[in-house]
Amino acid sequence: MTKRRFTIDAKKTPDLAAMMLATVEALRKLGGSATIQELDQEVIKQEGVTASEQAFTMPGPGNTARVNYFLGWARTHLKRGEALANSARGVWMLTPKGKTITELDQTRAIRVQVLKEERERSQAKRSAAKHAKPDDVESVDDSPEEMGWKSQLLEVLGEIPPDAFERLSGRLLREAGFTKIEVMGKTGDGGIDGVGVLRVNLVSFHVYFQCKRWKASVGAGEIRDFRGALQGRADKGLFITTGSFTSQASEEATRSGAITIDLIDGDRLCDLLKENELGVETIEQVQIQRDWFETV
């Protein structure tokens, strides 16, 4: 393990340039491309971020773990610095520029440039606001670009009743191809909230699921407790949370010789709800390119 380059504190902002370099190195180790979850987990493993650090969350709605929030900012800075790119399916990749990054000074230079651009943009907005009507003033987005709508969705999920969240989880599994879904609710035991059957080709699996609206990270202990309730009853387990999972929880979920438990964290849950159009609507935005018409 390399020497720790950043730490996660309950209140202080971590060294973002160091997180950017760690992100580049983790992506390089993963072969140059990865999903957000794969990338975050690799950085956490690579840097030795402790379970207690992973449990720190951002204030306000969203239930976002601080380490994941600031790693989101690291990706955003690297993307604006043309060191990373991402596809419509949420896969992040190193650009030719990103492949050349090996030193902290390089990520610091990108951060300085991004901050300069942000100051200039803010000044331009303030100047425009002075001459605009109150209804014309736009609010400034202060979160990583991929987290905006997800934070709003997680806030909504945190407000619905627990039994509604369980029913929503069951509905999501049905949309994903599960059959014979039974939501147990208060009648469940051992942390089991429901059960369903998933058919893969000629084979069927009984999958028990647990769904928790947590702000904090789910640790290895919760995974072990859930697995204990599955013994002798299920082929697989599925743990759904609006929060996140510690790296230790992820390792415990796939421990050799034990029942495999698949994990769906808040970020993945938002993606699945969007993909299945469950309470999330994608509205096309049409933008007129005035400059293009001048070339006709």
Filter the range 194-248 down to the residues that are at pLDDT 90 or above, charged (D, E, K, R) and farther than 29 Å from residue 47 by Cβ and list them by number.
236
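Scan the range 65-83 residue by residue and report those that are farther than 25 Å from residue 246 by Cα and outside any loop (DSSP other than H, G, I, E, B). Quick ask: steps written out before the conclusion?
As a first pass, look at the range 65-83 and keep what is farther than 25 Å from residue 246 by Cα: 79-83.
Selection gives 79, 80.
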In the range 73-99, anything out of contact with any helix residue (DSSP H, G or I) (no Cβ under 8 Å at 6 or more places or on another chain) and not β-branched (Val, Ile, Thr) is listed as 79, 87, 88, 89, 96, 97
Across the range 87-114, what is the total count of residues that are open to solvent by less than 80 Å² (accessible area, probe 1.4 Å) and part of a helix (DSSP H, G or I)?
8
I'd like to check which strands (runs of 3 or more DSSP E) are fully inside the range 179-293 and have at least 3 residues that are surrounded by fewer than 20 Cβ atoms within 10 Å (Cβ to Cβ).
179-183, 194-200, 203-212
Can you name the number of the only condition in (1) at pLDDT 90 or above; (2) farther than 22 Å from residue 151 by Cβ that residue 272 fails?
(2)
Cβ-Cβ below 8 Å, separation at least six or inter-chain, first residue in the range 259-277 and among the acidic types (Asp, Glu), second open to solvent by 40 Å² or more (accessible area, probe 1.4 Å) and part of a helix (DSSP H, G or I): which pairs?
265/37; 267/37
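The values are calculated or read from the model by the stated rules, or taken from the named source; none is laboratory data. None of these values were measured; they are calculated from a predicted model. Every residue, glycine among them, receives a Cβ derived from its backbone with ideal geometry; neighbour counts consider all protein chains shown. Ligands, DNA and RNA are stripped out before the accessible areas are found, and what is left, the full protein with its side chains, is counted by its heavy atoms. Shrake-Rupley method; radii C 1.70, N 1.55, O 1.52, S 1.80 Å.
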